[in-house]
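Quick notes on the structure that follows.
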Amino acid sequence: MKSLSSREREAAPTNQSAPGPLYADRVKVYPKRISGTWRRVKWAILVACLSVYYGGAWLRWDRGPGAPDQALLIDMSGPRAYFFDIEIWPQEVYYITGLLVLAAVGLFFVTSLFGRVWCGYACPQTVWTDLFMLVERWIQGDRSARIRLDKASWGVRKIALKGATHAAWLLIAAATGGAWVLYFDDAPTVVREFFRGESTTGVYFFVGLFTATTYVLAGWAREQVCTYMCPWPRFQAAMLDEHSAAVTYRAWRGEQRGPIRKGVAPAPGTGDCIDCKACVYVCPTGIDIRDGLQIQCIGCGLCIDACNEIMGKVDRAPNLIAWTSVAYEAERAQGRPGRYRFVRPRTILYAALLAVVATVMVVALALRTTVEVNVLRDRMPQFVLLADGSVRNGYTVKILNKERRAASFRIEATGFAGLVLRPAQGEAQNGALTVQAKPDSVETVPLFLKAPRAASGPASRGVTFRVLDAQGRLVARRDTVFIGPAR
Amino acid sequence: MAAEFERDPVTGRSTTGHEWDGIKELNTPLPSWWLYTFYATILFAVVWSVLYPSIPGIDGLLKHTNRQDLVETVKAATEAQAPMVDRIRALSIEEVRKDPQLLAFARTGGRAAFNNNCAACHQTGGAGARGFPNLADDEWIWGGTLADIEQTIRYGIRGEHDKSRLSMMPRFGADGMLSPAQIDDVVEHVLALSRQPHDAARAARGAPLFVEQCAACHQNDGSGNRELGAPALNDQIWLYGGTRAAIRDSVFAARAGAMPHWEGRLDEATIKMLTLYVHGLGGGK
Ligand code: SF4
Ligand code: SF4
């Protein structure tokens with residue numbers, strides 16, 4: 001396959017009289033190795049992200065007897081989610097929602113300030129692709145070696161190199177899929193059972209699934225995920241404005257491009273870009289940043305490193321390609337000193353939103369109670385008429401004891417005169433009901449309220465259940481209604 | 001038009017040849033793997049249709065159906081429940097009631113059986129309806145103990161089973177046993193018994209008639225007799241309505257609602273589970 005730069009590919013139809021194809025082959029990208037500031041930042045973030053991912057499940061956290069000692073755990077059968085000291089019950093998934101909202105607003109905020117840094121540095125697709133490329137480079141060599149290898153006919157050497165690459169990729173992919181399931185059960189147990197063949201089919205299925213997706217996405221799909229599959233590049237433009245920083249080629253400084261020849265003075269009007277294409281060769285999505293901002297650019301900054309290296313060699317000022325804003329460059333192009341504006345209506349808005357959501361989350365977590373009470377009114381029958389003419393309503397009080405010790409609660413009902421509380425089994429003491437709640441569980445208490453027909457009123461009257469703890473402190477009050485016959 | 005591929009003058013790219021309101025779409029190729037993925041989905045659909053039932057009347061090569069899945073699921077569930085069900089079958093109802101775990105299982109199973117078999121008349125939750133007793137209240141025409149409830153479920157009321165409990169109220173009006181005026185007097189007395197507004201003079205005239213004609217079953221004070229299935233008349237619960245007109249209808253033509261027997265139609269364990277469920281609705285004695 002002839003390798004075309006994206007620019008050549010874009011321009012290709014103009015040179016042909018025949019219509020272009022409806023479907024185009026992928027142009028394989030051979031990113032070149034590069035070192036520099038942004039590459040170092042990228043390595044650091046890669047190491048940090050992978051360490052958290054592969055190591056997270058192994059952190060232990062003592063929660064006392066009877067509770068799992070894994071710091072990060074989503075226990076589906078429990079069902080509880082553990083996050084260090086925080087223990088989330090299924091009905092509290094809104095904390096997860098809050099976390100996702102926080103992450104989304106955070107993403108908006110960072111994007112409005114620095115463009116696609118998420119894509120270039122922290123996105124799992126980028127991190128794993130980068131790791132796979134590293135492995136590929138170790139085994140098959142750098143850009144030109146890989147191009148040569150792909151062009152070479154199949155032989156022992158090619159099979160060995162390609163085979164080794166794919167084997168290494170599959171190994172990493174398997175480790176990735178394997179690490180995922182560790183978060184759903186006790187990690188050491190999962191590993192032991194996995195290798196003894198004792199895990200459930202579900203475990204093997206998910207490890208297989210994530211192995212396959214990692215291998216395909218990071219090994220084969222790569223930049224196509226960012227260009228064709230990922231929705232984020234399509235609407236991130238809404239977060240950007242002319243003051244947002246993005247990887248930008250300073251055209252006013254670079255143009256006209258022209259090669260440097262020894263002993264020949266550059267023609268007047270020649271810019272700093274020597275048209276060496278180093279920036280194109282290192283780009284993981286295979287684009288030419290000199291064409292301007294493009295949807296394919298993931299903002300990884302590798303072209304900055306590449307160009308700075310060249311600028312150093314040819315003795316010109318660095319940062320011909322740089323993290324900079326459109327507005328700043330427009331000023332500079334006019335010869336005025338540029339100015340970066342980080343404080344703008346949209347960054348203020350995003351920061352404020354971020355602060356609000358974070359505050360809500362922190363307050364909600366701080367005020368999180370260890371006891372929760374729900375009262376359900378029986379719907380069928382709505383009410384029951386008793387022989388003595390009184391009206392009875394059924395309720396189910398659910399007490400969620402989230403503490404890891406047993407507790408005793410007192411349930412009272414108030415509303416109007418004549419209201420009598422009785423448990424479904426037995427009698428109430430002094431008009432109230434004492435319930436023993438087991439540790440870390442839901443206590444379901446069916447009970448009845450009875451009232452004389454005259455007192456229950458024509459249709460429905462409000463009643464309130466109060467739940468007190470052993471010390472007599474009010475834990476919860478829940479308002480509900482008492483329904484009587486219409487006539 | 002469609003055959004002529006044009007070039008867009010601005011971008012220099014070819015167009016697809018489609019035009020909408022003067023706007024022409026550029027030909028922007030998708031990657032081939034995308035296309036092949038699309039073909040693969042079509043192939044998948046074809047393979048699926050051959051293997052699994054997709055066209056009415058054709059089973060598919062694998063002969064797999066959701067009904068078969070259901071049968072297997074139900075079978076597995078039945079097997080999983082078998083130990084509990086066997087214990088319920090082996091134990092007496094009282095014994096089951098004393099075992100909290102068995103009781104919870106029985107009540108849950110009882111609710112399912114109730115909703116399948118009984119709710120058509122008695123409504124879900126035993127709410128009852130006119131002519132169909134409310135099973136959650138504290139009035140039991142034939143008794144509300146576990147044994148009473150079990151007997152009612154097992155053999156029915158005024159049903160076809162040999163052991164079905166029977167009781168027939170005479171048709172005082174239709175059969176001419178009481179005159180219309182006498183019936184009105186008895187009705188006033190019944191209203192008095194249940195402490196409802198009534199005509200005191202007529203009620204006084206109805207009292208001896210009640211003692212003579214009705215008290216054998218319903219007792220002098222109208223408290224009813226569960227042995228005979230005679231409902232209490234001195235309370236606030238009325239199966240066929242407690243208004244003057246409804247009571248008159250009952251005295252005139254009598255009421256005789258029937259309940260089918262479930263022995264032989266539901267298995268032993270289910271009958272026990274139903275009994276425990278009904279007893280636990282809130283009115284069990
Ligand atoms: S153009 Fe530069 S910043 Fe953008 S993806 Fe390519 S190398 Fe990264
Ligand atoms: S690396 Fe710098 S000098 Fe070389 S082509 Fe790119 S922009 Fe021009």
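Being among the aliphatic types (A, V, I, L, M) and within 15 Å of ligand 1 (Cβ to nearest atom) is a property that holds for A:Ile310.
One line per residue, one yes/no per condition, for (1) farther than 17 Å from A:Val384 by Cβ; (2) in contact with a strand residue (DSSP E or B) (Cβ under 9 Å, 6 or more places away or on another chain); (3) surrounded by fewer than 18 Cβ atoms within 10 Å (Cβ to Cβ):
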| residue | (1), (2), (3) |
| --- | --- |
| A:Leu433 | yes, yes, no |
| A:Val445 | yes, yes, no |
| A:Lys450 | no, yes, no |
| A:Ala459 | no, yes, yes |
| A:Gly472 | yes, yes, yes |
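In region B:158-220, counting only helices (runs of 4 or more DSSP H) that sit wholly within it, the ones holding 1 or more residues that are touching a Cys at 6+ places or on another chain (Cβ under 8 Å) and of a type outside the set (D, E, K, R) span B:180-193.
Conditions (1) within 11 Å of chain A (Cβ to nearest Cβ); (2) touching a Gly at 6+ places or on another chain (Cβ under 8 Å); (3) not polar (S, T, N, Q), marked per residue:
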position: B:Ala90; (1), (2), (3): no, no, yes
position: B:Val96; (1), (2), (3): no, no, yes
position: B:Leu102; (1), (2), (3): no, no, yes
position: B:Ala112; (1), (2), (3): no, no, yes
position: B:Ala120; (1), (2), (3): no, no, yes
position: B:Gln123; (1), (2), (3): yes, no, no
position: B:Gly128; (1), (2), (3): yes, no, yes
position: B:Phe132; (1), (2), (3): no, yes, yes
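Taken over region A:408-427, the criterion of being closer than 21 Å to A:Lys438 by Cα and without any contact (Cβ under 8 Å) to a residue 40 or more places away in the chain is satisfied by A:Pro423, A:Ala424, A:Gln425, A:Gly426. Going by what's in this entry, would A:Trp232 be described as among the aromatic types (Phe, Trp, Tyr) and either in contact with a Ser or Thr (Cβ under 8 Å, 6 or more places away or on another chain) or more than 14 Å from chain B (Cβ to nearest Cβ) (or both)? In short, yes. Inspect all residues belonging to region B:235-243 and state whether any of them is over 24 Å from B:Asp137 (Cα atoms), out of contact with any helix residue (DSSP H, G or I) (no Cβ under 8 Å at 6 or more places or on another chain), open to solvent by 20 Å² or more (accessible area, probe 1.4 Å) and of a type in the set (S, T, N, Q). No: region B:235-243 contains no residue that is over 24 Å from B:Asp137 (Cα atoms), out of contact with any helix residue (DSSP H, G or I) (no Cβ under 8 Å at 6 or more places or on another chain), open to solvent by 20 Å² or more (accessible area, probe 1.4 Å) and of a type in the set (S, T, N, Q).
Considering region A:318-342, the residues that are part of a loop (DSSP other than H, G, I, E, B) and of a type in the set (S, T, N, Q) include one that is nearest to ligand 1 (Cβ to nearest atom), namely A:Asn319. Is at least one residue of region A:326-344 open to solvent by 20 Å² or more (accessible area, probe 1.4 Å) and either within 14 Å of chain B (Cβ to nearest Cβ) or within 11 Å of ligand 2 (Cβ to nearest atom) (or both)? Checked against the condition, which is being open to solvent by 20 Å² or more (accessible area, probe 1.4 Å) and either within 14 Å of chain B (Cβ to nearest Cβ) or within 11 Å of ligand 2 (Cβ to nearest atom) (or both), region A:326-344 yields no hits at all. Figure legend. Inter-residue proximity from region A:285-305: first residues within 14 Å of chain B (Cβ to nearest Cβ), second residues hydroxyl-bearing (Ser, Thr, Tyr) and near ligand 1 (Cβ under 6 Å from one of its atoms), beta-carbon distance below 7 Å, spacing 6+ or different chains. Indicated pairs: A:Gln296/A:Thr285.
Taken as a whole, region A:348-357 holds no residue that is away from every other protein chain (no Cβ under 14 Å), more than 11 Å from ligand 2 (Cβ to nearest atom) and not in a helix (DSSP H, G or I). Quick check on my filter: what residues within region A:189-228 are out of contact with any strand residue (DSSP E or B) (no Cβ under 8 Å at 6 or more places or on another chain) and in contact (Cβ under 8 Å) with a residue 60 or more places away in the chain? If the condition is that a residue be out of contact with any strand residue (DSSP E or B) (no Cβ under 8 Å at 6 or more places or on another chain) and in contact (Cβ under 8 Å) with a residue 60 or more places away in the chain, then A:Thr214, A:Leu217, A:Ala218, A:Gly219, A:Arg222, A:Glu223, A:Val225, A:Cys226, A:Thr227 are the ones that fit. Would you check if A:Asp315 is acidic (Asp, Glu) and within 11 Å of ligand 1 (Cβ to nearest atom)? It is false that A:Asp315 is acidic (Asp, Glu) and within 11 Å of ligand 1 (Cβ to nearest atom). Just to be sure, is B:Gly222 open to solvent by less than 30 Å² (accessible area, probe 1.4 Å), small (Gly, Ala, Ser) and within 31 Å of the chain's Cα centre (by Cα)? Answer is no for this residue.
More than 24 Å from A:Lys42 (Cβ to Cβ) and open to solvent by 80 Å² or more (accessible area, probe 1.4 Å): is that true of A:Leu72 in this structure?
no
Name the single residue, out of those in region A:289-299 being away from ligand 2 (no atom under 14 Å from the Cβ) and under 18 Å from A:Asn319 (Cβ atoms), that is least open to solvent (accessible area, probe 1.4 Å). It comes out as A:Gly299. Taken together, the residues in region A:269-287 that are within 8 Å of ligand 2 (Cβ to nearest atom) and under 19 Å from A:Ser35 (Cα atoms) amount to 5. Which one is most open to solvent (accessible area, probe 1.4 Å), of the residues in region A:386-424 that are within 11 Å of another protein chain (Cβ to nearest Cβ) and under 14 Å from A:Ala455 (Cβ atoms)? Among them, the one singled out is A:Asp388. Taking the listed residues A:Phe206, A:Phe195, A:Phe235, the one that is more than 16 Å from ligand 1 (Cβ to nearest atom), modelled with pLDDT of 90 or more, out of contact with any helix residue (DSSP H, G or I) (no Cβ under 6 Å at 6 or more places or on another chain) and open to solvent by 20 Å² or more (accessible area, probe 1.4 Å) is A:Phe195, with no other qualifying. Looking at this structure, is A:Val181 out of contact with any helix residue (DSSP H, G or I) (no Cβ under 8 Å at 6 or more places or on another chain) and either open to solvent by 40 Å² or more (accessible area, probe 1.4 Å) or more than 30 Å from A:Ala352 (Cα to Cα) (or both)? Against the criterion (out of contact with any helix residue (DSSP H, G or I) (no Cβ under 8 Å at 6 or more places or on another chain) and either open to solvent by 40 Å² or more (accessible area, probe 1.4 Å) or more than 30 Å from A:Ala352 (Cα to Cα) (or both)), A:Val181 does not qualify.
Restricting attention to region A:358-385, the residues being within 14 Å of chain B (Cβ to nearest Cβ) and hydrophobic (A, V, I, L, M, F, W, C) number 5.
When each of B:Ser179, B:Ser167 is tested for being of a type outside the set (A, V, I, L, M, F, W, C), farther than 21 Å from A:Ser390 by Cβ and modelled with pLDDT under 90, the lone residue that passes is B:Ser167.
Only one entry of A:Gly269, A:Gly286, A:Gly258, A:Gly263 meets the criterion of being closer than 27 Å to A:Phe114 by Cβ and either at pLDDT below 90 or surrounded by 21 or more Cβ atoms within 10 Å (Cβ to Cβ) (or both), and that entry is A:Gly286.
The values are calculated or read from the model by the stated rules, or taken from the named source; none is laboratory data. Keep in mind the model is a prediction, meaning the values are calculated, not measured. Ideal geometry is used to build each Cβ from the backbone, glycine not excepted, and the neighbour counts take in all protein chains shown. Quick note on the areas: whole protein, heavy atoms, side chains included, nothing else; ligands and nucleic acids left out. Shrake-Rupley method; radii C 1.70, N 1.55, O 1.52, S 1.80 Å.
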